[in-house]
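First the structure, in the form of structure tokens, and then the observations on it.
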Amino acid sequence: MIGVISAVIAGLMTGSRVLLLAPLVYIVSMKNRDAGLVAYFLFALYTGGEVFSSGLYTYDGLVTALVYASSMVLLLDDSLLGRRISRLELFVVPFLIAGIFFPEAFIAGSVFYFAVRFRIDTRVAGVIGAMLLLFTAARGYLDVPGGASNQAVVLAGFALFLAVITTLRGNLKKVDLFRE
């Protein structure tokens, strides 16, 4: 349920009223998980064009991108699992609500939730630390005017980073989609 709450709050924070329709995705996924995934996919595609971020190297753009991305990942988690609200979520919700006034609180709450919910171990923490150092060192070279291509390089690096984390986790479960 935290994904629905975070998407609605992200809609209020970013000014994108389309994100307020996130409960519909959750309701569809409660009825049928496969239909819920299709609804999530369409919702993510549509809302991705509605949320505007000026750039990843500006503070406001980075905060907007992080708020939107974390709320969409949490909504996907809710759509896949269809759980009710837990104690951990009750602890995180005040941080998400405080994010309306202080965007950093939203990001802190979602990072805390990710760390506890997805059990980040020492290998993942090491990769995150190495990537943080790499991005900090390379930021001076990538932060140039007209750096859209440079930002695409950073996003591609982040995608590779997520792939490495997934590989290191080693506890992936295979599930048949659209089975009859």
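The values are calculated or read from the model by the stated rules, or taken from the named source; none is laboratory data. Only a predicted model underlies this, so the values are computations on that prediction, with no experimental measurement involved. Don't worry about glycine lacking a Cβ; one is built from the backbone with ideal geometry, like all the others, and counts go over all protein chains shown. Calculation scope for accessible area: heavy atoms of the full protein, side chains included, ligands and nucleic acids excluded. Shrake-Rupley method; radii C 1.70, N 1.55, O 1.52, S 1.80 Å.
Scan 155, 132, 88, 172 and give me the residue that is surrounded by fewer than 16 Cβ atoms within 10 Å (Cβ to Cβ), modelled with pLDDT under 80 and closer than 21 Å to residue 48 by Cα. Reasoning before the result, please.
Details: 132 fails: closer than 21 Å to residue 48 by Cα; 88 fails: closer than 21 Å to residue 48 by Cα; 172 fails: closer than 21 Å to residue 48 by Cα.
Just a single option satisfies the conditions, and that option is 155.
Counting the residues of the stretch 89-110 that are touching a residue at least 40 places away in the same chain (Cβ under 8 Å) and within 16 Å of residue 73 (Cβ to Cβ) gives 7.
Across the stretch 23-44, not a single residue is classified as modelled with pLDDT under 80 and either open to solvent by less than 20 Å² (accessible area, probe 1.4 Å) or in a helix (DSSP H, G or I) (or both). Only one of the numbered conditions (1) surrounded by fewer than 16 Cβ atoms within 10 Å (Cβ to Cβ); (2) out of contact with any Leu (no Cβ under 7 Å at 6 or more places or on another chain); (3) modelled with pLDDT of 65 or more; (4) within 27 Å of residue 16 (Cβ to Cβ) is not met by residue 146, and that is (3).
Figure legend. Inter-residue proximity from the stretch 22-38: first residues closer than 20 Å to residue 48 by Cα, second residues open to solvent by 60 Å² or more (accessible area, probe 1.4 Å) and not in a helix (DSSP H, G or I), beta-carbon distance below 8 Å, spacing 6+ or different chains. Indicated pairs: 26/1; 37/177.
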